[in-house]
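Read through the structure below, which is laid out as structure tokens, and then see the notes.
The values are calculated or read from the model by the stated rules, or taken from the named source; none is laboratory data. Worth saying up front: this structure is predicted, and the values here are computed from it rather than measured. When we count neighbours, we look across all protein chains shown, and the Cβ atoms used for this are built from the backbone with ideal geometry, even at glycine.
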Amino acid sequence: MELLGVFQTVDEAALAVDKLLEAGCPERQITSVTSVPYPNGVLVDNPQRSWFPWLTLAGALLGAAAGFLLAAGTAWLYPLQTGDKPIIALFTTGIITYEFMMLCAMVGTIVGMLLEMGLPDIRRRAYDPEIANGLIGISVNVSNDEQSRRAEEAFNMAGALRICTDEVLK
């Protein structure tokens, strides 16, 4: 279950994060939901490993291999001997390899971008529409009723305007 505490100021939200940590919630289960892009560590220090550059690199390598196989494979399967020129022309093969590499690198970049943003998000998430108007949300994933009770107490001690869950607005 996910709990979302909605706060008026950054100081209240930071206090809520401190109270959640004191209540025993692991920091990796706490996230901030804001309409303003705060740097990592202002509210929650949540370093995450990024697969973004690796997906771009994988797309580029697969694209280069596919482009080379298309260009060189087509020339190898359907050889047209023209004078003393080689059957697999390096410049033609290089251009097609480069174009496929760039195409697949862009596709890998777009897939990586969507995955980094968490799209499409098929999970039901706690959200309050007032966050879009400048309020700050602190979200915590809890696994049992005891953690849920402690998280609600931490939110209330920090001055939460309201507490939402992924089920119902409280």
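Among residues of region 64-81 that are more than 18 Å from CYS104 (Cβ to Cβ), those with a beta-carbon under 7 Å from a residue that is surrounded by 14 or more Cβ atoms within 10 Å (Cβ to Cβ) at least six positions away or on a different chain give the pairs ALA75/ILE88; TRP76/ILE88.
In region 82-94, which residue that is touching a residue at least 12 places away in the same chain (Cβ under 8 Å) and part of a helix (DSSP H, G or I) is farthest from the chain's Cα centre (by Cα)? For region 82-94, the residue satisfying everything is THR92.
Candidates in region 127-158 are the residues that are small (Gly, Ala, Ser) and over 20 Å from TYR38 (Cα atoms); of these, the one that is surrounded by the fewest Cβ atoms within 10 Å (Cβ to Cβ) is SER143. Considered as a group, the residues in region 65-96 that are surrounded by 11 or more Cβ atoms within 10 Å (Cβ to Cβ) and aromatic (Phe, Trp, Tyr) include one that is modelled with the lowest pLDDT, and that residue is TRP76. Of all residues in region 103-118, at least one satisfies being in a loop (DSSP other than H, G, I, E, B), within 18 Å of the chain's Cα centre (by Cα) and within 30 Å of LEU15 (Cα to Cα).
Residues in region 1-16 that are under 18 Å from ARG149 (Cβ atoms) and among the hydrophobic types (A, V, I, L, M, F, W, C) were compared, and the one that is surrounded by the most Cβ atoms within 10 Å (Cβ to Cβ) is ALA16.
Can you pull out every residue in region 129-147 that is touching a strand residue (DSSP E or B) at 6+ places or on another chain (Cβ under 7 Å) and farther than 15 Å from GLY24 by Cα? Hits for region 129-147 are GLU130, ILE131, LEU135, ILE136, GLY137, ILE138.
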